[in-house]
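*Asks:* Okay, handing you the structure first.
Values in this text are rule-based calculations from the coordinates and carry no lab data. Model, not experiment: these values are computed from the prediction. Heads up, the Cβs are rebuilt from the backbone with ideal geometry, glycines too, and the neighbour counts pull from every protein chain shown.
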Amino acid sequence: MKKLLSAALVLLLVFALSTPVYAADSVSFVPSVTIKAAPDIVPAEPGSAVVIKDAQGKEVAGVPEEDVVITPASQAEDAPSEDIKERLENAYEELGDLNAESGIGHDLDEAIKETDASLTLADIVVQHLFDLELSEDYEGYLDDENNYLELTFDIGIAEFKDAWVIIKQKDGGWTMVDSSLVVNNGDGTITVRLYSAGTIAILVETDTGLPSADGSNPDVKSPQTGVKEDGTAADFGAVAAALGAAAAVVFTAVFYGKRREEEKNRPE
């Protein structure tokens, strides 16, 4: 019995030391981000998926759908180029380590708090992660720093809810898209102004940013559980509880077994 109790206690100790700790202020992903397609682009006008505008908001060029190359994280392995594949993989890894202490995580956290002071990174999820490029016929338009892309994405966002967009530049750095340049159109779509192409992450508020027919939201998991879409981080609390219960059973068995042995050997 004593050996069983010792073994159970050793298991609990090993589990406690090996269980990863998740920061409260960290971002997570919707479970399907690695299997879902990129968000649909709502055509800006007939024949053009997106438009390029100048500083005055005047249209410079309309970009046909075939000249807009979008690769979601789910298709990174089959990306059109090794550069896109590498950018998506790096972006996915970096977003998993995002925190409010520094870099883009800090900028994102500040932007979220401007929307609602009670929110933190732990209250939002990455709904979409994808790479956006323009064909050679149109990418040169963005060399002018005053020109920008205007895109409308259908992400199924609830009316009056906020979305945040960050973009990973081709040089590897992340940039926060100003919240004023991300507009919820009230019909499930958002319109975004981008001054460059790159790898884009669209983030929404956990559980409340995405509507569903019955009011529930099965596509979003709380980041506070540590659960991500690849399932590598399970709900360790439940496992720990199960191990604790097992240890309690073993302890009880040992305790009462010892008592019975003492009573048996007690002189009459």
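*Asks:* Please report the net charge: other residues with Cβ closer than 12 Å to the Cβ of GLU77, K and R +1, D and E -1.
*Replies:* -3
*Asks:* What is the calculated FRET efficiency for GLU89 to SER180, with r their C-beta to C-beta distance and R₀ = 30 Å, to the nearest 0.05?
*Replies:* For GLU89 and SER180, the calculated efficiency is 0.45.
*Asks:* Please give the net charge around ASP54, taking every other residue with its beta carbon less than 15 angstrom from that of ASP54, where Lys and Arg add +1 and Asp and Glu add -1.
*Replies:* Combined, the nearby Lys, Arg, Asp and Glu give -2.
*Asks:* What order do you get for ILE202, ILE84 when you list them from fewest to most C-beta neighbours inside 10 Å?
*Replies:* ILE84, ILE202
*Asks:* Contour minus end-to-end for ASP40 and PHE160, with contour as 0.36 nm per residue of separation and end-to-end as the Cα-Cα distance?
*Replies:* Computed gain between ASP40 and PHE160 is 41.2 nm.
*Asks:* Working out 0.36 nm times the residue gap between ASP137 and GLU101, then minus their Cα-Cα distance, what length gain in nm do you get to one decimal?
*Replies:* My answer for the length gained is 8.9 nm.
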